[in-house]
Amino acid sequence: MRPTLAITGATGFVGKRLCEMALAAGYSVRALGRNFSGFHLDSARCTRWPVALSDRAGLGLAFNDVDAVIHVAALSSPWGLRRDFFEVNVVGTRHVITAATQARVRRVVHCSSASVAFGDRDGFDLDESSPLPRRYLAAYCESKALAEAVVRAAGGVEWCIVRPRGVFGPGDTSILPRLVARARSGRLRVIGDGQNIQDITYVDNCAAALLRAAEAEAAHGQCYFISNGAPVALWPFLTECLRGVGAPLPRGRVPYAVALRAAALYEALAERVTALGEPPLTPYTVSILARSQTVNISKAQAQLGYRPEVNLGDGLARTIDWFNQQGKVVT
């Protein structure tokens, strides 16, 4: 019998798949989340713990007698109020670290994001020694960087940071749905010259890396970039996604500088008039769609034995099949 893991954010995209893979690998799981309405794991080794990151006492109870905590819960969105990102991603992480330390958990694995390494610039083959940007285009990225600092300051528990890049796959509630919605509205344009490349990560590979980080002896006090290790030309990849789900293809191109200025205006207006909700475009989204951003995963390969088991072609096919099966595509 493998150890017991506590997984925060278990009802989310990555967290749910992580729970499934942990159970398949023989772990016992305490699944922490707030809304289990769509959580259908049926296993005697999986215990549901309805608890919020703000509930320090509840976290302490959930972490009692577990071997490791994998902290996946986060507010993840291209836009939102800075205070909300700070409260969930920074203060919430501090509560997880404190509760894990008090419960004498052996290790906390913090699921961060490769976005902490990128600002408004191209970045190629960045590794864990690459300096972080002085300025971020989104409160999400800033909050994840600040959360990493909280983890690094932990003194009473082993810790490890995992930075996945562009996670996609079945269950995605962010990337593909937003892309398809924008295409269907006729508002999707190629931003920039369309030649940029991006690293992305199939969700199973991300989950496998998190599980390895929970056990690998060498992982204590370390940080790892995770991706599929096969950068893609972003716009051809997105075009393949759209074709697969029957969505319209991008219509025309917009220069990067023009898109960035428009996104800044959209974001400023949304911040002033909150009733408008999420703006149609943000500087962070523009940067992702137009910049080249790749990471080096050799450290994770060497120290965690990480290997992307699901290649991008298979991952894309599974994602398209899942999306179509959800009945979300209207032809």
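Laboratory data are not the source of any read-out in this text; all were calculated from the coordinates shown. On a predicted model such as this, the values are computed, not experimentally measured, just so you know. Glycine also receives a Cβ, built like all others from the backbone with ideal geometry; neighbour counts cover every protein chain displayed.
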When both residues are 6+ apart or on different chains and their Cβ atoms are under 6 Å apart, which pairs have a first residue that lies in the range 214-225 and is in contact (Cβ under 8 Å) with a residue 40 or more places away in the chain, and a second that is part of a helix (DSSP H, G or I)?
ALA216/LEU304; ALA218/GLN303; ALA219/ALA213; TYR224/LYS299; TYR224/ALA300; PHE225/ALA114
When LEU41 is run through (1) of a type outside the set (Lys, Arg); (2) under 27 Å from GLY156 (Cα atoms); (3) surrounded by fewer than 17 Cβ atoms within 10 Å (Cβ to Cβ), the failure sits at (2)
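To keep it simple, each residue is scored yes or no on (1) closer than 23 Å to GLN195 by Cβ; (2) loosely packed, with under 14 Cβ neighbours inside 10 Å; (3) of a type in the set (Val, Ile, Thr); (4) touching a Phe, Trp or Tyr at 6+ places or on another chain (Cβ under 6 Å).
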{"site": "ILE226", "(1), (2), (3), (4)": "no, no, yes, no"}
{"site": "PRO231", "(1), (2), (3), (4)": "yes, no, no, no"}
{"site": "PRO236", "(1), (2), (3), (4)": "yes, yes, no, no"}
{"site": "PRO250", "(1), (2), (3), (4)": "yes, no, no, no"}
{"site": "ARG253", "(1), (2), (3), (4)": "yes, no, no, no"}
{"site": "ARG261", "(1), (2), (3), (4)": "yes, yes, no, no"}
{"site": "LEU281", "(1), (2), (3), (4)": "yes, no, no, yes"}
{"site": "VAL286", "(1), (2), (3), (4)": "yes, no, yes, no"}
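Looking only at the range 54-82, count every residue that is of a type in the set (A, V, I, L, M), in contact with a strand residue (DSSP E or B) (Cβ under 7 Å, 6 or more places away or on another chain) and under 30 Å from GLY277 (Cβ atoms) and tell me the total.
At the first step, the residues of the range 54-82 found to be of a type in the set (A, V, I, L, M) are 57, 59, 61-62, 66, 68-70, 72-75, 81.
Subset that is in contact with a strand residue (DSSP E or B) (Cβ under 7 Å, 6 or more places away or on another chain): 62, 66, 68-70, 72-73.
When the remaining residues are screened for being under 30 Å from GLY277 (Cβ atoms), the result is 72-73.
Looking only at that region, the number is 2.
Rundown of residues vs (1) closer than 24 Å to ARG189 by Cα; (2) in a helix (DSSP H, G or I); (3) under 19 Å from the mean Cα position of the chain (by Cα); (4) among the basic types (Lys, Arg), yes/no style:
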| residue | (1), (2), (3), (4) |
| --- | --- |
| ALA263 | yes, yes, no, no |
| ALA268 | yes, yes, no, no |
| THR285 | yes, yes, yes, no |
| ALA302 | no, yes, no, no |
| ARG307 | no, no, yes, yes |
| GLY315 | no, yes, yes, no |
So which helices (runs of 4 or more DSSP H) are wholly in the range 7-121 and hold at least 2 residues that are out of contact with any His (no Cβ under 8 Å at 6 or more places or on another chain) and under 28 Å from LEU176 (Cβ atoms)?
13-24, 82-85
Which members of the range 187-217 meet the condition of being over 18 Å from PRO231 (Cβ atoms), of a type in the set (A, V, I, L, M, F, W, C) and part of a loop (DSSP other than H, G, I, E, B)?
LEU188, ALA216
Residues satisfying the stated conditions in the range 89-112, i.e. in contact with a helix residue (DSSP H, G or I) (Cβ under 8 Å, 6 or more places away or on another chain), aliphatic (A, V, I, L, M) and surrounded by fewer than 22 Cβ atoms within 10 Å (Cβ to Cβ):
VAL90, ALA103
